[in-house]
Amino acid sequence: MKKISIILMIFVLSTLLFTACNTESTDTKTDDYIINTVKKVEILDHKFSNYFLTYEEYLKGLKDLFVNAFDENKHYERKYAEIDIRNFTDEQLKNIREKYIKENKEDKVEVEISKIYSDGKYKYVFTKANIIQPYMPKNKENITGIVITRKYAFVKENNDWKIQYIDQALYSNNIPFEKMEYNKFNNKLVQYITKFDPLEN
């Protein structure tokens, strides 16, 4: 009887250990997927805003990353391109880029991505994009570019994590970071863990 109890105990402990390992593995896989999804959106958004992608290519890249109910027009609202480029061809975008860079030099973009936060229902990721615009004249406000802060909210839809919404705010880069929106969770500044240039991907 004692021997059976010991075997049963070993079996229970092994099962618990296996379950714990699987939970950790699943969480890591989910977290990696969410971070990579945010990175994909940032790359697509910044490339679109810098005349690298047609609107059709842009939307195609975003397909399947958002919940089914997401409004397509919301994607275009995130751009910071100075003109309406929804109907431009590859050739037209190329001409714009060549003219833009010749006259203004190329924008430098650096995106930071936070760790994942959760409130039980949603998983949140925050991003901060620093966009340095060399053509901006020096002035007393010392504005040399813009900062875009975002909050991504992920929800589970049909067993897949999808983006439910993205909140965004745009600032001149002379505004103190602490005064910006979408950079806090539970009233504390979020922690950014990775940094990259979306125009080089």
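Which semi-axes, in whole Å and largest first, does the equivalent ellipsoid of the stretch 105-201 have when worked out from the alpha carbon gyration tensor as the square roots of 5 times its eigenvalues?
They are 29, 16, 10 Å, listed from largest to smallest.
Using only the Cα atoms of the stretch 25-194, what do you get for the radius of gyration and for Dmax, in Å?
17.0, 53
Give, in nm to one decimal, the length gained when the segment between Tyr33 and Lys184 is fully stretched (0.36 nm per residue of separation minus the Cα-Cα distance).
Result: 52.2 nm gained on full extension.
Nearest 0.05, what FRET efficiency do Ser172 and Asp64 give at R0 = 30 Å with Cβ-Cβ as r?
0.30
Can you tally the net charge around Leu65? Count Lys and Arg as +1, Asp and Glu as -1, for every other residue whose Cβ sits under 9 Å from the Cβ of Leu65.
+2
For Gln191, what charge total do you get from the other residues with a beta carbon under 13 Å from its beta carbon, if Lys and Arg give +1 and Asp and Glu give -1?
+4
Explain nothing, just compute: Karplus ³J(HN,Hα) = 6.51 cos²θ - 1.76 cosθ + 1.60, θ = phi - 60°, for every residue of the stretch 191-199 in order, whole Hz, x for Gly and Pro.
Values per residue, Gly and Pro as x: 9, 8, 10, 9, 9, 7, 9, x, 7 Hz.
What are the ³J(HN,Hα) couplings of the stretch 145-162, residue after residue, when phi is run through the Karplus curve with 6.51, -1.76, 1.60 and θ = phi - 60°? Round to Hz, x for glycine and proline.
Per-residue couplings from phi come out as x, 10, 10, 10, 10, 9, 10, 9, 10, 9, 9, 7, 10, 6, 6, 10, 7, 10 Hz.
Could you tally the net charge around Ile113, taking each other residue with its Cβ under 9 Å from the Cβ of Ile113, Lys/Arg +1 and Asp/Glu -1?
Value of the local net charge: +2.
Counting other Cβ atoms within 10 Å of each Cβ, which trypsin sites (Lys or Arg not before Pro) in the stretch 105-201 have at most 11 and sit in a DSSP loop?
Filter output for the stretch 105-201: Lys121, Lys138, Lys140.
Asn130 versus Asp90, label points 7 Å from Cα toward the beta carbon: distance in nm?
Here the answer is 3.4 nm between the modelled labels.
Counting only protein chains, not ligands or nucleic acids, how are Asp107, Asp31 ordered by accessible area (probe 1.4 Å), most first?
Solvent-accessible surface, decreasing: Asp31, Asp107.
Calculate the FRET efficiency for Asp119 and Asn201 from the Cβ-Cβ distance with a Förster distance of 25 Å, rounded to the nearest 0.05.
The formula returns an efficiency of 0.25 here.
The values are calculated or read from the model by the stated rules, or taken from the named source; none is laboratory data. Keep in mind that what you see is a predicted model, and the values were worked out from it rather than measured. Every residue, glycine among them, receives a Cβ derived from its backbone with ideal geometry; neighbour counts consider all protein chains shown. With ligands, DNA and RNA removed, areas are computed over all heavy atoms of the protein, side chains included. Shrake-Rupley method; radii C 1.70, N 1.55, O 1.52, S 1.80 Å.
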